[in-house]
1. Candidates (1) 43, 23, 17; (2) 36, 22, 16; (3) 41, 19, 17; which is the computed semi-axes √(5λ) of the Cα gyration tensor in Å?
2. Once phi is turned into θ = phi - 60°, what whole-Hz ³J(HN,Hα) does the Karplus curve with 6.51, -1.76 and 1.60 give for every residue of segment 140-149, x standing for Gly and Pro?
3. Assign one of three labels to segment 118-229, namely rounded, prolate or oblate, based on the Cα gyration tensor with a ≥ b ≥ c the square roots of its eigenvalues; rounded applies when a/c is under 1.5, prolate when it is not and a/b is larger than b/c, and oblate otherwise.
4. Averaged over all directions, how much area does the convex hull of the C-alpha atoms of segment 1-109 cover when projected, in nm²?
5. What are the residues whose amide H is under 5 Å from the amide H of G38, where those residues sit 5 or more places off or on another chain and H is modelled from the backbone?
6. For the pair T145/R191, report the inter-label distance in nm, with labels modelled 7 Å from Cα in the Cβ direction.
7. First measure r as the distance between the Cβ atoms of S169 and L275, then evaluate 1/(1 + (r/R0)^6) with R0 = 25 Å and state the FRET efficiency to the nearest 0.05.
8. Could you check what % of the DSSP bridge pairs in the chain are antiparallel, to the nearest 5?
Amino acid sequence: MSEPEADVDVLIIGAGPAGLTAANYLARFRRSVLVADGGSPRASWIPLSHNMPGFPAGITGDAILSRMREQAEEYGARVEAGWIDGLTRDGDRFNASLAGREVRARAVLLATGVVDHHPDLPGVERAIERSLVRICPICDGYEATDKAVAVIGDSDMGVREAAFIRTYSNRVTLIHIGPPGDLTEREALTRLGIELVETPIETVRLEGDRVTALCWNGQYQAFDLVYSALGTSANAELAAALDCRLAEDGRLEVDLHQKTSIPGLYAAGDVVRGLNQIAVATAEAAVAATAIHNSLRQADGQTV
């Protein structure tokens, strides 16, 4: 018996930069595309990016997403709000549960991203919106030039991030909130001239354009910027349920065409092991979309 017809050629899970870029490519390949938008992609937290190619004056995360969505929809991609509650493979098709209904797709692209581990501080979301607490020195380390910067960490990842920011400023403080034994790179801090404070942060004050953090002995210390170096967790549960191969950090392993270990399942963006950057996510999405289109062409006998 033949397989039941799929509802769409490609289901894209995630409406961030990777998912929307892939939707644009696939729609222009004249594929039927459905994007499941679970809401609040990581890029929406960007107050103003000066790291996005082509926008020297900067652009907000919401503006990036809005333009990408408009472009994908112009060519026929459908973006639908809702979470994918389950994903299974049935023969050479995928079944997904989207907002209480079933969607069948010939191929699936996971663009589900990661979740940042924000400091457990009152008002941290507001501080991120105001660019006072930041999560990506690769994106905006330049804006920390010559400023007083605090890095909040609970492991040697904090040391590495503080050392990275040392490129831009000689006023860097690492606030280590984890167990003392989890900090093994103390010598590097001394060598690089990075101040070390080992204490939980009790509260945060936002005063004008500065952050003041109650750090120790009831004393406040002011910083221009605070970076969180507490890591991320991959949104890879759907892939894990399919026994997809994961890297040690929980993100997805893919080949040069963004294929996972599951036939027909692709991944792009932050959920894939690599650099968490919009430029990287969109490049991976372009590769994945092209590979998906060519794979479907081959399955339909449309290749030479």
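1. Computed from these coordinates, semi-axes √(5λ) of the Cα gyration tensor in Å corresponds to label (3).
2. Per residue, the Karplus-derived 3J(HN,Hα) values read 9, x, 4, 6, 8, 3, 6, 9, 7, 10 Hz.
3. Details: a/c = 1.57, a/b = 1.16, b/c = 1.36.
Cα axes put segment 118-229 in the oblate bin.
4. Over all viewing directions, segment 1-109 projects a mean Cα-hull area of 7.3 nm².
5. For G38, the qualifying residues are G14, A15, G82.
6. Once both label points are built, they end up 2.7 nm from each other.
7. In this case the efficiency is close to 0.65.
8. So the antiparallel bridges amount to about 45 percent of the total.
None of the figures in this text is laboratory data; all of them are computed from the coordinates on show. Since the structure is predicted, the reported quantities are computational estimates derived from the model, not experimental observations. Reconstructed Cβ throughout: ideal geometry from the backbone, glycine too, with neighbour counts over all protein chains shown.
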